[in-house]
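**Q** I'd like to ask you about the structure that follows.
The values are calculated or read from the model by the stated rules, or taken from the named source; none is laboratory data. Bear in mind that the values here come from a model prediction, so they are computed numbers and not experimental data. In this analysis, Cβ positions are derived from the backbone assuming ideal geometry, glycine residues included, and neighbour counts consider all displayed protein chains.
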Amino acid sequence: MAEESQDGQEKTEEPTARKLEKAAEEGQVLSSKEMFVFTGILVMFGLVYIIPYYAQMLLSYWSMFFDWSDIVNDKKSILDILFYALRFFVIVIVFISIPMFLIVLLTQIAVGGINFAPKAMQFKGKKINPIEGFKRMFSQKSLAELVKAILKVLLLFGLTAVVVYDRLDDMIQLTERELSQAVVVMGQAFPQLLFVLLIGLAIIAAIDYFWQRHIFIQGLRMTKQEIKDEFKQTEGSPEVKAKIRRKQMEASANAAKQASALNDVKDATAVITNPTHFAIALKYEVGSKGAPTILALGKGAMAKAIMERAEQANITLFRSPLLARALFFTGEIGQEISDKLYTAVAVALAYIYKIDRGEFASEPEIIVPEDMQFDEYGELLEGK
């Protein structure tokens, strides 16, 4: 039966990659004790065959501990003997510990990977809570570990009994043989016993690995709602993503439309500027019934490009920050201007017509309605 979450939903879904990452951050990684036991015995099995090649050197060091003649003859001191002893133990420790450390490291990398998790080292009160500890002692996991330990002992004991039974006659006769013959018999039996136990431990390690993996994945299973919530957190809500995509497409379309409109700037009657941040190219034919039309508009680099095209075509640039921003934020390319801006634009165009004909005219004051006055970000200035 699937485990249930706090809200009663069943955890039936496999953990996502993000769930596994979060577990690793908290120090939860797949591990198998039996795999460590197997690989550790494997190293010892290798050392059994390697040690004879270094036996003479080790025995020579060992014999120094019992040779006191040089001390009696004042050739060596007690400190010299202690130095040799220290060097001997360092050699032995290095000889055994380095392979063991490497095999433990490689085993964990192969099983569940190496992970440094600061969160796992943080103090947690429930770890020293006696009630929680009591629950862990009698949990389903502890019971499974107990059964596994009993089966492991039975299997290894059975394999040992098989090897001993196979050599029972030789074992019985050991007391009747010389020491050298007994050593030979034991030297033949011990590797055989170790090899058989190694096979048994390999089987146990393989079973334990798949069991631990099953328990690990089961403990990280998620409900369908958790998967949906995680997707929203990592990828965003589908509605929000759709809205963002729509805005991106609109922005892309507007940018393309603005770039295409640059070719129409040469036909403009005038260009209203900010003077540098905004530029709007207007076209109006005297006597026409319609309102002025926006041929091109732009902000930043696009505004600069519009002004450059206008200068190349000898089109008058009229500076009016409020009017330029009002036209930019309320108008669209190819559309007529807002009726609220008729008067302001009419005053500006009348002045431009006189300038274009070479007449003298004072620059007029352009009055833009308060509800059409924007800052450079498109926010109304009213109330600021």
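**Q** Out of all the residues in the stretch 88-97, is one or more at pLDDT below 60 and assigned by TED's automatic domain parsing to the domain that holds residue 192?
**A** Residues of the stretch 88-97 at pLDDT below 60: none.
Scanning the stretch 88-97, I find no residue that is at pLDDT below 60 and assigned by TED's automatic domain parsing to the domain that holds residue 192, so the answer is no.
**Q** So which of 297, 380 ends up being surrounded by 13 or more Cβ atoms within 10 Å (Cβ to Cβ), free of Cβ contacts under 8 Å to residues at least 12 places away in the same chain and of a type outside the set (Lys, Arg)?
**A** Working: 297 fails: free of Cβ contacts under 8 Å to residues at least 12 places away in the same chain.
It is 380.
**Q** Evaluate the following for residue 346: is it exposed (fewer than 13 other Cβ atoms within 10 Å of the Cβ) and farther than 24 Å from residue 257 by Cα? Talk me through it step by step, then tell me what you get.
**A** Working: exposed (fewer than 13 other Cβ atoms within 10 Å of the Cβ): no; farther than 24 Å from residue 257 by Cα: yes.
Against the criterion (exposed (fewer than 13 other Cβ atoms within 10 Å of the Cβ) and farther than 24 Å from residue 257 by Cα), residue 346 does not qualify.
**Q** Determine if the stretch 123-133 includes at least one residue that is at pLDDT 75 or above and surrounded by 10 or more Cβ atoms within 10 Å (Cβ to Cβ). Even if it seems obvious, please write down each step before you answer.
**A** First pass over the stretch 123-133, keeping only residues at pLDDT 75 or above: none.
Checking the stretch 123-133: not a single residue is at pLDDT 75 or above and surrounded by 10 or more Cβ atoms within 10 Å (Cβ to Cβ).
**Q** Considering only residues of the stretch 185-237 that are of a type in the set (Phe, Trp, Tyr) and crowded, with 17+ Cβ neighbours inside 10 Å, which is modelled with the highest pLDDT?
**A** Here is the first cut: in the stretch 185-237, the residues of a type in the set (Phe, Trp, Tyr) are 190, 195, 209-211, 216, 231.
Those still in the list that are crowded, with 17+ Cβ neighbours inside 10 Å too: 209, 216.
Working: 209: 88, 216: 85.
Once the filter is applied, the top-ranked residue is 209.
**Q** Out of contact with any Gly (no Cβ under 8 Å at 6 or more places or on another chain) and at pLDDT 80 or above, is that true of residue 174?
**A** Details: out of contact with any Gly (no Cβ under 8 Å at 6 or more places or on another chain): yes; at pLDDT 80 or above: no.
No: the conditions fail for residue 174.
**Q** Just one of the numbered conditions (1) in contact (Cβ under 8 Å) with a residue 40 or more places away in the chain; (2) part of a loop (DSSP other than H, G, I, E, B) is not true of residue 364; which one?
**A** Here residue 364 meets the rest and fails (1).
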